[in-house]
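Heads up: the structure comes next, in structure tokens.
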Amino acid sequence: MVSQREVLTGKHLMQGDVACAEGAIAAGCKFFAGYPITPATEIAERMARRMIEVNGMFVQMEDELASMAAIIGASWAGAKAMTATSGPGFSLMQENIGLAVMTETPCVVVNVMRGAPSTGQPTEGAQQDVMQSKWGSHGDYSIIALAPASVQEMFDLTIECFNLAETYRAPTFLLADGFTGHLWERVVIPSPEEIKIVERKKPVVSPDKYMPFKPDEDLVPPMACFGEGYCVHVTGLTHDELGYPKTTDPKVQHKLVNRLCEKMRKNANRIVRTYESMLEDAEVAVIAYGIPSRASLNAVKKARESGIKAGLLRLVTVWPFPEKQIEELATRVNAIVVPEMNCGQIVREVERVAKETPVHLLSKIGGELHSPSEIFEAIRRAAGI
Amino acid sequence: MTVIQEFEKHPLAKYLRAERFPHIWCEGCGDGIILHCFVKALDDLAVDIDKFVVVSGIGCIGRAAGYVKCDSFHTTHGRPIALATGIKLANPKLTVAVLSGDGDLFAIGGNHFIHAARRNVDLTVICSNNFNYGMTGGQSGPTTPLDSYTTTTPYGNIEHPFNLVHLAAAAGSVYVARWTVLHVRRLAESIKKALRKKGFKFIEVISPCPEIYGRRNKLGKAIDIMKLYRQISEIRHGYDPAKAEITREKIVVGEFIDIEKPTYGELLQKQFIKIQQKLSEG
Amino acid sequence: MRVEIRIGGFGGQGIIRTGLILATASCVFGDKNAIQSASYGPESRGGRCKSEVIISDEDIDFPKVEQPDILVIMSQEAYVGYVDDLKENGILLVDPDLVPNQRKDLKAKIYEVPAAKIAEGLGKKIVANVVMIGAFAAITNLFDVGQMKESIKRNVPKAFLELNLTAFEKGYEHGKNIITVKAS
């Protein structure tokens, strides 16, 4: 149970990054390691001030490689742990994101996306790291990523990221963007008892019977942490259910890696969350995630006013990809419009799932948001008007 | 009697995961000796093994984490200190030791080493220095001596090696020592001392790699390398680590640095008490 | 009803704080929705700086100002940069001393508020933005004065609260005077 000091119950005007930090604290985050980077720095700054107040730990590491490694260590030491960064740092973290995947370490990584590649546009928002969050580290694996579209969601979805990370023992990403991270908006923080918090599943057997990487039916193994007497060995090498390296046995690799992927696929129904607006009779669907979903909603309303049956499917969960929802939607609309702040990333997934239904990308890079009228025009074109 | 039953007769067996043996190290490798000295130190100190964590990186000695019977983490290449920092800071009740190699700690992981030393995080770092990347077949690394032959310096090494004890001291370590694997008793004592002390402690252990580095540089068998250590090593406690460069003629060993300095954890605790007091006063 | 406001000036004038005070008054102490976004160059001080606030009775979907209904200008550079964006017959609050060259052909309701001069009179030029907020409140009727004062309390350091509240009052008075003069 978290205390009043951890949850700033009430109505606030808050910056997105700050709301993210407060969400983490409300979720029970007790360890933050990070490295300054625009436009995510305010998260670290807030954590530096707040963690000590809530008996948590903040450390500024020497780089993002170290930040990611430190939160993995902290998670195994029993703490709910988070780091926050933007594209350049996210690239550095990929190495140990792979380690977190392989060792099934619950942790939250916030990426406040900015214009890229490379140093790109530090102060401008973007959605260019969506595929990187899915495939950025080497190998086959699966992760969870949520995309907030408001400051309120910077708070709410950070809590959800922690809950999902702890439930499925995987690095979980909050894919925010520089615009939302720096936006100030009202946040309503509920009382502690109204906030749903998930704690990690612990072993119910004695240490001599415990197999650290033997999954339950949900494909998630219960997690004993360091110092709890379970004598756990953790390695980034391919390992058996005891956690011991077995690097040349094809069966061990097969079983482990397939389970790491299957874990999300099998639980997708429980993980995936989408919002629908005006889709019941829609002929054109806009599929959006993150900040462009707001202009999309406005555009859909405009389209309705002008007699076009348009609707919006907003992806709160980006990974695992909401395949079922989109597959079903594609069968009943004539066209799909996908606005994203990149050169076209999620649109490929939509095309894959939508099959025969025409999918139109509305790409926007440079830092400006899609305007409602741009999306409205795209809807009009897609409707053939 | 099964192999495991045989194994468990060893007085230090309770600190090792019997089912993980035999180990992967080559004949004559020094890593087994280092592991022995390490568990000997744990035994002598009667450490609470349930509160003890070993972290290692990638490389031959990196496998040691999987042999010690306690909570242990075999991390990505170069990152054991960063990961160990997270463990120690998140749960200060745990004692955390890092066992890794010269390449892991000082090439790919060099930045983490100097910053953890600067922060004075309470960690004991033991480096097995065998002057090359043994596991990948003997490439040159940050400690490879000038003119030495490795697979990536086929015409002789033209890079100047790090003097690890000097680096560790300059970065702020509160305890810096160097031994060879010939100095088993002193090494075990040194590990004990480091484990009892608070702050960032560093022990370099010169360790033979007869099969890979030794063969290519015509150093002879493990026993010859041990003889060489006896011949050229010189114990000089309190010696200036800046002058303790390893040469073909001399390896200065001993305790170079042993100072007191508040640790990251201690300073944080002070700050914590101050802030909590302020908060309770409203 | 959605009202779009843009405040322009240079870094160091408290432009972003001004936006935050307006937004806080509306959505924390008032029951409207509000949103504030800012943009500025890489320099911490001196560069062009703008803060945009949207206030609405309904949920705010698109979070950016497309065409401001109200423009508050506190530097010549911001004037040049933003004045064309103002909605036709929109409201322009401008500090004439900071913007010596103004267009004559502008189709807008123009209110000149010598905020910097009034603030200087109070001994602290730094509160010019709060003087402007006072005038803003008087001229637009978008805010409840009590809620605005609460918002100022929330957004300025304690040590300077009295000064800021005085600055607000002075600005408010000035705003009321302008309206009276315009009406007569």
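Any idea what log10 I(q)/I(0) is at q = 0.08, 0.09, 0.13, 0.19 Å⁻¹ for chain C, Debye with uniform C-alpha scatterers and no solvent?
The calculated log intensity ratios at q = 0.08, 0.09, 0.13, 0.19 Å⁻¹ are -0.21, -0.27, -0.60, -1.39.
Based only on other Cβ atoms within 10 Å, what is the fewest-to-most ordering of B:VAL165, C:VAL145?
Listed from fewest to most nearby Cβ atoms, that is C:VAL145, B:VAL165.
Based on alpha-carbon centroids, what's the gap between segment A:27-62 and segment A:194-241 in Å, whole number please?
26 Å
HN-Hα J couplings of segment C:117-122 from phi, Karplus 6.51/-1.76/1.60, θ = phi - 60°, integer Hz, Gly and Pro as x?
Computed from phi, the couplings for segment C:117-122 are 5, 4, 5, 4, x, 8 Hz.
Across 10 Å bins from the origin, how do the percents of Cα pairs in chain B run, short distances first?
Bins of 10 Å from zero give 7, 29, 36, 19, 6, 2, 1, 0 percent of pairs.
With axes computed from alpha carbons, what is the tilt in degrees of helix B:31-45 against the longest principal axis of chain B, rounded to the nearest 10 within 0 to 90?
30 degrees
From the C-alpha gyration tensor of chain A, pull out the three semi-axes of the equivalent ellipsoid (sqrt of 5λ each), sorted largest to smallest, in whole Å.
Semi-axes, largest first: 35, 25, 19 Å.
Can you compute the charge dipole magnitude of chain B about its Cα centre, using +1 on each Lys and Arg Cβ and -1 on each Asp and Glu Cβ, nothing else charged? Give it in debye, rounded to the nearest 20. Show your work: numbers first, answer last.
Values: 36 positive and 28 negative charges, 85 e Å.
With only Lys, Arg, Asp and Glu charged at Cβ, the dipole is about 400 debye.
Select from B:ALA242, B:ILE259, B:GLN269 the residue farthest towards the positive end of the dipole of segment B:212-282; place +1 on Cβ of Lys and Arg, -1 on Cβ of Asp and Glu, and compute about the Cα centre.
B:ALA242
Where does helix A:16-26 land angle-wise versus the long Cα axis of chain A, in degrees 0 to 90, nearest 10?
On a 0 to 90 degree scale, this one is about 40.
Note the per residue figure in Å³ for the convex hull of the C-alpha positions in segment A:10-194.
Numbers: hull volume 17.8 nm³, N = 185.
Looking at segment A:10-194, the number lands at 96 Å³ per residue.
Does anyone have the angle between helix A:64-76 and the longest principal axis of chain A? Alpha-carbon axes, 0 to 90°, nearest 10?
60 degrees
Could you size up the charge dipole of segment A:10-194 around its Cα centre, putting +1 on the beta carbon of Lys and Arg and -1 on that of Asp and Glu, and report it in debye to the nearest 20?
My answer is approximately 160 debye.
For peptide B:45-52, how many partner chain Cβ atoms fall within 10 Å of a residue's Cβ, on average?
Working: counts 0, 0, 0, 2, 2, 7, 4, 2.
So the per-residue partner count for this stretch is 2.
Going down the table (B:LYS14/B:LYS198; C:LYS87/C:LYS109; C:LYS117/C:LYS182; A:LYS214/A:LYS255), which pairs top 19 Å between alpha carbons?
B:LYS14/B:LYS198; C:LYS117/C:LYS182
With point charges of +1 on the Cβ of Lys and Arg and -1 on the Cβ of Asp and Glu, referenced to the Cα centre of segment B:100-227, which listed residue (B:PHE106, B:TYR175, B:ALA116) lies farthest in the positive direction of the dipole?
Going by the Cα projections, it comes out as B:TYR175.
Treating cross-link reach as a plain straight distance, find the aspartates and glutamates whose alpha-carbon is under 16 Å from the alpha-carbon of A:LYS364, omitting any fewer than eight places away in the same chain.
A:GLU124, A:ASP129, A:ASP177, A:GLU340, A:GLU374, A:GLU377
Just need log10 I(q)/I(0) for segment A:207-271 at q = 0.12, 0.14, 0.22, 0.30 Å⁻¹, Debye formula, equal scatterers on the alpha-carbon atoms, no solvent, rounded to two decimals.
The Cα Debye sum returns log10 ratios of -0.33, -0.45, -0.97, -1.28.
Which of the lysines could a cross-linker span from B:LYS274 if the Cα-Cα distance has to be under 17 Å and same-chain partners fewer than 8 positions apart are dropped?
none
Name the long-range amide H neighbours of B:THR151: under 5 Å, sequence gap of 5 or more, or other chain; modelled H, no Pro or chain starts.
Close amide H contacts, sequence-distant or interchain: B:GLN139, B:SER140.
Starting from the amide H of B:VAL181, placed 1.01 Å from N in the peptide plane, find each other amide H under 5 Å away whose residue is 5 or more places distant or on another chain.
B:ILE206
Could you pull the Cα extents of segment A:30-111 along its three principal axes, largest to smallest, in whole Å?
33, 29, 18
So who's got an amide H within less than 5 Å of the one on C:ILE73, skipping anything under 5 residues away but keeping other chains? H placed 1.01 Å off N, in plane.
C:GLY8, C:LEU93, C:VAL94, C:ASP95
Taking θ = phi - 60°, what integer Hz values does the Karplus form 6.51 cos²θ - 1.76 cosθ + 1.60 yield along segment B:257-264, in sequence order, with x for Gly and Pro?
10, 8, 10, 10, 7, x, 7, 3
Determine ³J(HN,Hα), in whole Hz, for all residues of segment B:271-277 in sequence, where each value follows from phi through the Karplus function 6.51 cos²θ - 1.76 cosθ + 1.60 and θ = phi - 60°; x replaces Gly and Pro.
For segment B:271-277, the Karplus curve yields 4, 4, 4, 4, 5, 4, 5 Hz.
Which residue fluctuates the most in chain C, going by a Gaussian network model with Cα springs under 10 Å, if the choices are C:TYR79, C:TYR40, C:TYR172?
C:TYR40
Report the Cα centroid-to-centroid distance between segment A:267-307 and segment B:1-73 in angstrom, as an integer.
58 Å
Roughly how compact is segment B:157-282, stated as its Cα Rg over 2.2 N^0.38 Å to two decimals? Don't skip to the answer; put the middle values down first.
Working: Rg = 19.6 Å, N = 126, 2.2 N^0.38 = 13.8 Å.
Dividing the Cα radius of gyration by 2.2 N^0.38 Å gives 1.42.
Are any of the pairs A:LYS251/B:LYS88; C:LYS104/C:LYS176; B:LYS278/C:LYS170 more than 30 Å apart by Cα-Cα distance, and if so, which?
From the list (A:LYS251/B:LYS88; C:LYS104/C:LYS176; B:LYS278/C:LYS170), the Cα-Cα distance tops 30 Å for A:LYS251/B:LYS88; B:LYS278/C:LYS170.
Filter the cross-link list B:LYS270/C:LYS158; B:LYS192/B:LYS221; C:LYS124/C:LYS158; B:LYS227/B:LYS250; C:LYS50/C:LYS153 down to pairs whose alpha-carbon distance in this structure exceeds 20 Å.
Check vs 20 Å cut-off fails for B:LYS270/C:LYS158; B:LYS192/B:LYS221; C:LYS50/C:LYS153.
Summarise the long-distance tail of P(r) for the protein assembly as shown by giving the % of C-alpha pairs beyond 37 Å.
Tail of the P(r) past 37 Å holds 52 percent of the pairs.
Sequence neighbours fewer than 8 away in the same chain don't count; with that in mind, list the aspartates and glutamates whose C-alpha is under 16 Å from B:LYS218.
Once the sequence-local aspartates and glutamates are set aside, what remains near B:LYS218 is B:ASP147, B:GLU249.
For chain A, what is the charge dipole size about the Cα centre, in debye to the nearest 20, if Lys and Arg each add +1 at the Cβ and Asp and Glu each add -1 at the Cβ?
My answer is approximately 440 debye.
No value in this document is a laboratory result; all are computed from the given coordinates. Every value quoted in this text rests on a predicted model; they were computed, and no experiment measured them. Cβ sites come from the backbone with ideal geometry, for glycine too, and all protein chains shown count toward neighbours.
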